[in-house]
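In what follows, a single structure is set out as structure tokens and then discussed.
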Amino acid sequence: IRSGIDVKIIEMNKERCEELATLLPKATIICGDGTDYNLLMQEGIEYAVMEVSAHAIHYNKIYGIPFAAGVFTNCTQDHLDFFQTMQRYQAVKKSLFGVSCPLAIVNGDDEYTMKAVEGLDKEIITFGWSEKNDYWAKDVHKLGGAKSGYTLMHKGEPIAEIELSIPG
């Protein structure tokens, strides 16, 4: 948003739309499902950020959408009522990185996430808290109010100081 890029975010969870609008007042938040992607492309939008749930993947709501990258934050037991087993849940999440998604950006600290992407024939970039990851947060600290900060590290070197408008 600070770079001058016109940012539109598709959020499938309607309850999060209001929260995102508060956190990112300069972005356009589109509440809906993946079919709104076609509207963005008709408007000539170059970049779109979309949160995709495992349920949306399972029900093919993102069918036909090409992704430049997919981000896999975690794989928890939250949805086992639907997916029955962690293996089935992991397989559904892994399927996001099909033929139309050449890059996987994953939480290298999450054991289930790493198991889910085993054998993936894609470029994989890891992030997390530990130095074993490609990118990690160092010196996380509260900045006051509802702000936090940290040093973003890559290959042992600091590459950016990050400030977030969220509490620690």
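Structure notes:
- For the residues Lys115, Lys61, the requirement of being open to solvent by 80 Å² or more (accessible area, probe 1.4 Å), within 23 Å of Arg16 (Cα to Cα) and over 14 Å from the mean Cα position of the chain (by Cα) singles out Lys61.
- Members of segment 61-84 that are in contact with a helix residue (DSSP H, G or I) (Cβ under 8 Å, 6 or more places away or on another chain), aromatic (Phe, Trp, Tyr) and assigned to a loop (DSSP other than H, G, I, E, B): Phe67
- Scope segment 107-121; condition small (Gly, Ala, Ser) and at pLDDT 90 or above; matching residues: Gly108
- Evaluating Val49 against the criteria (1) modelled with pLDDT under 70; (2) of a type outside the set (D, E, K, R); (3) open to solvent by 60 Å² or more (accessible area, probe 1.4 Å); (4) outside any loop (DSSP other than H, G, I, E, B) leaves one unmet condition, (1).
- Taking each residue of segment 134-158 that is free of Cβ contacts under 8 Å to residues at least 24 places away in the same chain and looking for partners that are of a type in the set (Asp, Glu) and not in a strand (DSSP E or B) with beta-carbon atoms closer than 9 Å, six or more apart or interchain, yields Trp136/Asp109; Lys138/Glu131; Met153/Glu131; His154/Asp134; Lys155/Asp134.
- Selection within segment 141-159 - surrounded by 10 or more Cβ atoms within 10 Å (Cβ to Cβ) and under 20 Å from Val106 (Cβ atoms): Tyr150, Leu152, Met153, His154, Ile159
- Whichever residue in segment 89-106 is modelled with pLDDT of 90 or more and surrounded by fewer than 20 Cβ atoms within 10 Å (Cβ to Cβ) and, among such residues, is farthest from Trp129 (Cα to Cα): Leu103
- Only one of the listed residues (Ile166, Ile105, Ile125) is within 25 Å of Pro25 (Cα to Cα) and either out of contact with any Ser or Thr (no Cβ under 6 Å at 6 or more places or on another chain) or assigned to a loop (DSSP other than H, G, I, E, B) (or both). That residue is Ile166.
- Hits in segment 120-139 (condition: open to solvent by 80 Å² or more (accessible area, probe 1.4 Å) and over 15 Å from Val71 (Cα atoms)): Asp121, Trp129, Glu131, Lys132, Lys138, Asp139
The values are calculated or read from the model by the stated rules, or taken from the named source; none is laboratory data. In this text the structure is predicted, and so the values were computed from the model without any measurement. Methodologically, a virtual Cβ is constructed for each residue, glycine included, from the backbone with ideal geometry; neighbour enumeration extends over all protein chains shown. Heads up: the accessible areas ignore ligands, DNA and RNA and are worked out on the full protein's heavy atoms, side chains in. Shrake-Rupley method; radii C 1.70, N 1.55, O 1.52, S 1.80 Å.
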